[in-house]
1. Counting heavy atoms of the protein chains only and a 1.4 Å probe, report the per residue accessible area for the chain as a whole number of Å².
2. Just the accessible area for THR108, please: 1.4 Å probe, Å², rounded to the nearest 10?
3. At 1.4 Å probe size, put GLU102, GLU22, GLU70, GLU51 in order of accessible surface, largest to smallest.
4. Using r as the Cβ-Cβ distance of LYS25 and ASP179, and R0 as 35 Å, what FRET efficiency do you calculate, to the nearest 0.05?
5. Could you give the nm distance between label points at ALA89 and MET165, where each point is 7 Å from its Cα heading toward the beta carbon?
6. What length, rounded to one decimal in nm, is gained on full extension from LEU98 through to ASN63, with 0.36 nm per residue of separation minus their alpha-carbon distance?
7. How much accessible area does PHE61 have with a 1.4 Å probe, in Å² rounded to the nearest 10?
8. With point charges of +1 on the Cβ of Lys and Arg and -1 on the Cβ of Asp and Glu, referenced to the Cα centre of the range 77-179, which listed residue (THR78, LEU160, SER92) lies farthest in the positive direction of the dipole?
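The values are calculated or read from the model by the stated rules, or taken from the named source; none is laboratory data. What you are looking at is a predicted structure, and each value in this text was computed from that prediction instead of being measured. In this analysis, Cβ positions are derived from the backbone assuming ideal geometry, glycine residues included, and neighbour counts consider all displayed protein chains. Just the protein is used for accessible areas: all its heavy atoms, side chains included, with ligands, DNA and RNA removed. Shrake-Rupley method; radii C 1.70, N 1.55, O 1.52, S 1.80 Å.
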Amino acid sequence: RIEQGASRSIAGRVWIWDASFEAGKAALPLGTGIGGFAHAYLDAQGTSLAELPVTEASRRFQNATTAHQEWIQAFVETGPVGLTLLALALGSALVDALRRREAMEAGTWAALMVCCFGDSPLRQPAVVLLMGLCFAAQRRRWWKRPTPALGITFVASSLLLGLGMAGWLACRWETAARDALP
């Protein structure tokens with residue numbers, strides 16, 4: 001029914017956010033790994049549904065593939081460290097654009113950060129591609145030439161990317177094993 005659409009939709013998102021946050025707390029300190037959200041969410045939701053009567057639980061079940069909020073999703077998949085790095089990356093891009101008085105660029109970063117509160121835009125390949133292009137298009141004034149700190153940052157990022165990729169592959173293999181016939 002149309003008159004219940006918005007309130008029902010918001011209630012559904014709040015339910016997903018609560019279960020997602022519980023999944024993130026269960027996966028501390030490093031999170032579930034990129035791509036591990038769905039299984040962690042279903043486990044956390046199952047715990048919440050177990051406390052309800054069967055009839056109510058059957059109507060509350062949500063098969064969410066994302067947290068419908070990027071900040072919570074980042075917390076679940078990457079833990080507090082990944083969430084902090086995401087916030088620092090987007091926040092520093094916004095602050096840099098504001099300092100340079102680039103209104104359109106600042107608006108782009110602000111819009112992305114606001115969208116992260118209402119959905120999971122970074123799970124959409126087109127949005128990630130545009131975000132990468134925006135990062136690449138920013139003028140860099142903070143380093144004139146490579147420094148040891150920059151080199152260490154690149155090496156550490158590469159190692160963390162390797163670990164993240166290993167976790168992602170493991171999650172894909174686990175999902176394939178769960179979905180396979182006995």
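1. Numbers: 12190 Å² over 182 residues.
Accessible surface, normalised per residue, equals 67 Å².
2. Surface open to solvent at THR108 totals about 60 Å².
3. On the way: GLU102 60, GLU22 85, GLU70 5, GLU51 150 Å².
Correct descending sequence by accessible area is GLU51, GLU22, GLU102, GLU70.
4. Numbers: r = 27 Å, r/R0 = 0.76.
Computed FRET efficiency for LYS25 and ASP179: 0.85.
5. Distance between the two pseudo-spin positions: 1.5 nm.
6. 8.7 nm
7. The accessible area of PHE61 comes to roughly 100 Å².
8. SER92
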